[in-house]
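Written out below as structure tokens is the structure these notes cover.
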Amino acid sequence: MDQPMGHVPREPRRYPWQVPDSGQLLLVVAAGIWLVAAVTQTAAEGLKDPRIAIAFGALIAFGEVLRLNLPGDRETAPIGFAGALAYALLIRVGTHFVQYSAEQVVTVATIGMIIGALPHLAAGRPARVSGMATRLLCIACVAYIFRPLASNSAVEKHWGLAVALMTALTVLALLLEAVLTALLRVDEQRARFRVALVDEMRVQLPLGAAVGASALLIAFAAEVMGLAALAVFTAPLLVTQVAFRRYAGIRTTYLQTVRALAKVTEIGGYVETGHSERVSRLAIAIGRELGIHEPELLELEYAALMHDIGQLSLHDPIPGGATVLVSRQDQQRIAELGADVIQQAQVLDSVAEIVRRQNEPYRDTEASATGRAGFSEPPLSSRIIKTANAFDDLVGSSLDPGRAAAAVQRLRLDTASEYDPTTVEALSRVVNRRSVIQM
């Protein structure tokens, strides 16, 4: 997804040059068509095993009410997803052999999701339709594969075969969720699919393992414990979800603290209002363009937000805060002072190093000409910040395409030594996408 260079709302789908999210629309339409067909078929056949359907529907709704946001603004509903998967994989409840169809699974799961989304809508929070559609498609795939096989005597009587089949389908559902979510992030953020998929699997793996295990335990334990298995085996997942929620909350608070710290330079009049935020968003856009993974993107965001904090040590502010217009010695002094401030936190050493080296030249032409050793290329994140900061110093909050193109061309003239040509060309692509959509 392109990042703005003007001061705009933070929601990732509200930037002025962003095209409609066609991937989300396609996903929701596909889930809607599947849902209409399932509801029609269920209505024609009648609801089978209504007591079981109501119990699992209530569990799914409860899970949707308690859905959470993982790092990277990923919305998930672990309890609801586990309940829906268990309902799709159910064979027996006590001594009763269940015989409902895949269409009924889709219908019950959808009703549960809708009921669970109502409290969020009432509180003014978004419905997150794309996340619900993703989960519904994963559940539907499992149900349409497994429900016809559930009545097979071989699956019913052979425990080992049932375990293998149900485990394989659970893994399939979790992988499918990761793939669909990665495709959505590619559509929203213009990230590379391979990078997005790896990031999704890294984030989703711990919680996904808990979801899959809970679904399987509920499906198998229901034969012995009946519907009480829902409460017994949902409890550990609820505890796990609480831990993830606390982790996500701590991370959000940490980022908010960094943002507040970055505002100090603006309040003090050292940089233009919105400069740190614009540089941060632009740096992230360049990072995604270059295929940087999410953990490194987070460090890049921290460093970009605080890249000018060293200016607080200056006796007199730089006019407009444009460090690109001062000498290299002054630039490096500001970077060193900023890195020292960041290092005091004792948990952001890598971020401090990025800030420390943000003003170093991409290539030491003198060392290359004389063969002098000792020069090391700055980290990619430092090179990105150097490019993004210079661009914003030249363009500011203006969204004029001509001014942006001129700034990119000026940076291109210095790619022999000062600016990494790879980051400048990535910047050019980001700027061009914005200009084309605005025209």
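In the assembled protein chains, Leu255 presents an accessible area of approximately 40 Å² (probe radius 1.4 Å). The sum of -39500 (n - 2.57) across all DSSP H runs of n ≥ 4, divided by the residue count of the chain, sets its helix-only mean residue ellipticity at 222 nm to -23500 deg cm²/dmol. Placing unit charges on each Cβ (+1 for Lys and Arg, -1 for Asp and Glu) gives the chain a dipole about its Cα centre, and among Ala150, Ala178, Asn389 the Cα reaching farthest toward its positive end belongs to Ala150.
With all protein chains present and a 1.4 Å probe, how do Met132, Met306 order by accessible area, largest first? Write out the running numbers ahead of the final one.
Working: Met132 25, Met306 5 Å².
If we order Met132, Met306 from most to least accessible, we get Met132, Met306.
Taken along the Cα-to-beta-carbon direction at a fixed 7 Å, the label points for Leu149 and Asn69 span 3.8 nm.
With unit charges on the beta carbons (Lys and Arg positive, Asp and Glu negative) and the dipole taken about the Cα centre of the chain, which residue among Val264, Ile218, Ala30 sits farthest to the positive side? So the residue furthest toward the plus end is Ile218. Working ranking of peptides 23-29, 58-64 by packing, defined as the average number of other Cβ atoms within 10 Å per residue, highest first, is 58-64, 23-29. Per residue, how much accessible surface does the chain expose to a 1.4 Å probe? Answer in Å², no decimals. Value for the chain: 44 Å² per residue.
For Ile250, the accessible area of its heavy atoms, probed at 1.4 Å with every protein chain present, is near 120 square angstrom.
Take every Cα pair under 8 Å in the stretch 107-244 that's 6+ residues apart, average their separations, divide by the length, and report that relative contact order as a whole percent.
After rounding, I find 16 percent.
May I ask you to derive the relative contact order of the stretch 24-182, considering only C-alpha pairs under 8 Å and at least 6 residues apart, and to give it as an integer percent?
Value for the stretch 24-182: 27 percent.
Label positions at Asp400 and Leu25, each projected 7 Å from the Cα along the C-beta direction, are separated by 3.3 nm. Using Cβ point charges alone (K and R +1, D and E -1), the dipole size of the chain about the Cα centre works out to roughly 940 debye.
Compared with the alpha-carbon gap, the fully stretched path from Tyr247 to Ala164 is longer by 26.6 nm at 0.36 nm per residue. Would you work out the relative contact order for the chain, in percent, from Cα pairs under 8 angstrom that are 6 or more residues apart? The value is 17 percent.
Would you mind getting me the FRET efficiency between Ser313 and Val224? Use the beta-carbon distance for r and R0 = 60 Å, nearest 0.05. Please report the intermediate quantities before stating the final value.
On the way: r = 68 Å, r/R0 = 1.14.
Efficiency for this residue pair is about 0.30.
Between Ala235 and Thr95, the distance separating the two model label sites (each 7 Å from Cα on the Cα→Cβ line) works out to 2.7 nm.
The values are calculated or read from the model by the stated rules, or taken from the named source; none is laboratory data. This is a predicted model, so every value here is computed, not measured. Cβ: placed from backbone, ideal geometry, glycine included. Neighbour counts: every protein chain shown. SASA here: full protein model, heavy atoms, side chains in, ligands and nucleic acids out. Shrake-Rupley method; radii C 1.70, N 1.55, O 1.52, S 1.80 Å.
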